[in-house]
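Student: Attaching a single structure in structure tokens format; questions to follow.
All of the numbers you see were taken from the coordinates with simple rules; none came from a lab. Predicted model only: the values in this text are computed from it and were never measured. Cβ coordinates were reconstructed from backbone atoms using ideal geometry, including for glycine residues, and neighbour counts include every protein chain displayed.
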Amino acid sequence: MLSEPRPWGLLSWGCYIYIHVYIHIYIYFFFLLLLAIQLLLHTVHAHSPHIYSLWGWALRTTEMTKTYLLLLLTALLLLGPHTALPFSTQTSQVSAQDVCLACPSCRPGSHSRQKKTFFLGDGQKLKDWHDKEAIRRDAQRVGNGEQGRPYPMTDAERVDQAYRENGFNIYVSDKISLNRSLPDIRHPNCNSKRYLETLPNTSIIIPFHNEGWSSLLRTVHSVLNRSPPELVAEIVLVDDFSDREHLKKPLEDYMALFPSVRILRTKKREGLIRTRMLGASVATGDVITFLDSHCEANVNWLPPLLDRIARNRKTIVCPMIDVIDHDDFRYETQAGDAMRGAFDWEMYYKRIPIPPELQKADPSDPFESPVMAGGLFAVDRKWFWELGGYDPGLEIWGGEQYEISFKVWMCGGRMEDIPCSRVGHIYRKYVPYKVPAGVSLARNLKRVAEVWMDEYAEYIYQRRPEYRHLSAGDVAAQKKLRSSLNCKSFKWFMTKIAWDLPKFYPPVEPPAAAWGEIRNVGTGLCADTKHGALGSPLRLEGCVRGRGEAAWNNMQVFTFTWREDIRPGDPSIRRSSALMPSPHTSPVTLYDCHSMKGNQLWKYQSKTGCDKTLYHPVSGSCMDCSESDHKIFMNTCNPSSLTQQWLFEHTNSTVLEKFNRN
């Protein structure tokens, strides 16, 4: 069906005038050429009359052609560019945009990546970078692990050997395609976002040490499959002295198939931090993007990162990191999804909610984050080196995410998480390789604290007194770098950037509500962690307090903390596990603390009106026990039941009253 006639726009008139001028130039050129040929023919004919018939024919032909060109040139001059082209009033399926593509000034490009262009207020062009054809192909894929679905594991595939070398199930990884499809779990608004048409390119640095074959290759394939090729300057695989055969010549032969991939190798074990630095030192791209060696890049992951750096080169950007399960390789978001990076005062990485003051009207927009997770981020190459890169005194791994985060914020830059950029990451079941003798994570953390945290380092030493006497090595060069960059104080960082962190992780720990043993009124027995392994249920055992120092142990000591969760250990010992009830009548077990209340929130002296109950608001049930089988479990609250009454050894009535008012 034909479309309605369209008036000529400014861009179409520009193209027409451009073509019109070129036609004039070409006609003049051919006219002069024919005139020269005609003169040559007259000369030849004068000297060689015996070939009159051939030259005479040529002479007559050039004369006729010249006459036609003169007539055409005269007609064009009379018409001029003010006259509409004949096809401008004809109905046609060809759009103005398609007509412009015939203009010589239009840039050639891949048909599959030719996108509609938009404009910013300042004249910068915007573009939809989605590769629609690749997205369509991925949507049609079926098979093991496709669309990020879990692989159906058998008992034979769950054996310890499957995890031993990599910390994740390599048997399952090997049975999933290197080009597997992933679910697009971005916010729906990401589908319509446009980014700058002209973006910097990037060198993608992927360090590895004894990585699994399929997990490493899947990382590379996902980057190549889901990145606009014009934005990838190179992929640099940096081998940190691996000793597995498949990472030697077989890897080199395989990667030779991809011109944009190259491999560097260290001459000795350097560790993650220095291996990244080696890759960065040879990078040629405008931007450096760091990835781990067991990742999968998701749809359109790269343009949102590069766009923010193109707008402000001193911005470090991090993709949203999704979880690839170490067992069945299912792909899913982290709990809570978009959250700000933070830390506690033992320097464990944490995530905290985005405060209302920083929440955007569009949840797919970038947001500020005080601290990065560490492994996946992009940074302007020149800015990275202006900041001094990573501290070369940091060993193997650990602490580097804090160093680069504090440095960028305090020294004139900024850091953002980008919700429309998502990369999956396998969180290992355990670290499968040995750290060289003499290397200590604690040393790295102290080094960061001494250089960047000023008086706030004392809060770390209060919780980790063993750090006080630990050598951090020579930090003079790093302190000089901080001074030369005119960096701000850590107090500025805590008050302007991480101002919401103390609400969740206060430097000075508020007093606990209760602590010590938890004795059951009905049985006279005590709650016991039985060595406190994660996932293990609490047990009811004979109370050991009062039997003498030899009988006392820490397995019957708990703290009802200021966060309103219950953790094993006394207030002076920070524990990372907390009590969490399972479904009704199921055991009370130990789980990782998340410090966000929710399913780990408890009330002592609860709304039931019955003193000394441990009430769980989310489930609406109370902690109960059975003397016969020594089990502790959740049950329907019963004010008259003595087995639901519990006595803490010590209580702080002021804090308890505050809890119960809330």
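Student: Calculated FRET efficiency, Val282 and Tyr254, Cβ-Cβ r, R0 25 Å, to nearest 0.05?
Tutor: Working: r = 21 Å, r/R0 = 0.83.
Calculated transfer efficiency: 0.75.
Student: Hey, another quick one. No solvent, one uniform scatterer per C-alpha: report log10 I(q)/I(0) for the range 178-228 via the Debye equation at q = 0.28 1/Å, two decimals.
Tutor: Here the Debye-derived log intensity ratios amount to -1.14.
Student: While we're looking at this one, here's another question. Once the piece of chain linking Ser586 and Asp570 is laid out straight, how much longer is it, given 0.36 nm per residue of separation minus the C-alpha distance between them?
Tutor: On the way: separation 16, 0.36 × 16 = 5.76 nm, distance 2.59 nm.
Length gained, Ser586 through Asp570: 3.2 nm.
Student: Within a 10 angstrom radius of the beta carbon, how do Thr219, Thr495, Thr561 rank from fewest other beta carbons to most?
Tutor: Values: Thr219 28, Thr495 11, Thr561 24.
With the sparsest Cβ surroundings first, the list reads Thr495, Thr561, Thr219.
Student: Can you put Asp362, Asp565 in order of Cβ neighbours within 10 angstrom, beginning with the fewest? Spell out each step's value before the answer.
Tutor: Numbers: Asp362 11, Asp565 22.
Least crowded to most crowded, the residues run Asp362, Asp565.
Student: Still on this structure: Provide the gained length on full extension for the span Ser483 to Val431, in nm with one decimal, where the gain is 0.36 nm per separating residue minus the Cα-Cα distance. Working shown, then result.
Tutor: Working: separation 52, 0.36 × 52 = 18.72 nm, distance 3.66 nm.
Once the chain is fully extended between Ser483 and Val431, it gains 15.1 nm.
Student: Each label point is 7 Å from the Cα along the Cα-to-Cβ direction; what then is the distance between the points at His650 and Asp454, in nm?
Tutor: Label at His650, label at Asp454, 3.4 nm between them.
Student: DSSP loop (so not H, G, I, E, B), at most 16 other Cβ within 10 Å: list which chymotrypsin sites (Phe, Trp or Tyr not before Pro) in the range 435-540 pass both filters.
Tutor: Taking the range 435-540 and a limit of 16 other Cβ atoms within 10 Å, the loop chymotrypsin sites (Phe, Trp or Tyr not before Pro) found are Trp499.
Student: Go ahead and collect, in residue order, the members of the range 150-172 whose backbone nitrogen is under 20 Å from a label point 7 Å along the Cα-Cβ direction of Asn599.
Tutor: Label zone hits: 150.
Student: I would also like to ask the following. Could you work out how much longer the chain between Ser471 and Lys360 gets when fully extended? Use 0.36 nm per residue separation minus the Cα distance between them, nm to one decimal. Show your work: numbers first, answer last.
Tutor: On the way: separation 111, 0.36 × 111 = 39.96 nm, distance 4.36 nm.
The Ser471-Lys360 span can extend by a further 35.6 nm.
Student: Now for a different question. For Tyr349 and Lys314, what does the FRET efficiency come to when R0 = 22 Å and r is the distance between their Cβ atoms, rounded to the nearest 0.05?
Tutor: On the way: r = 23 Å, r/R0 = 1.06.
Given R0 = 22 Å and the Cβ-Cβ separation, E is 0.40.
Student: Okay, next question. What nm distance separates the two modelled labels at Ser640 and Gln161, each placed 7 Å from Cα along Cα→Cβ?
Tutor: Computed distance between label sites Ser640 and Gln161 equals 6.1 nm.
Student: A further question on this structure: Quick one: grab the alpha carbon gyration tensor of the range 206-349, order the square roots of its eigenvalues as a ≥ b ≥ c, and give me rounded if a/c is under 1.5, else prolate or oblate depending on whether a/b is larger than b/c. Don't skip to the end; give the middle numbers.
Tutor: Numbers: a/c = 1.40, a/b = 1.25, b/c = 1.13.
Here the range 206-349 falls in the rounded category.
Student: Another one. Within a 10 angstrom radius of the beta carbon, how do Ile204, Ile321, Ile316 rank from fewest other beta carbons to most?
Tutor: Details: Ile204 29, Ile321 21, Ile316 25.
By the 10 Å Cβ count, ascending: Ile321, Ile316, Ile204.
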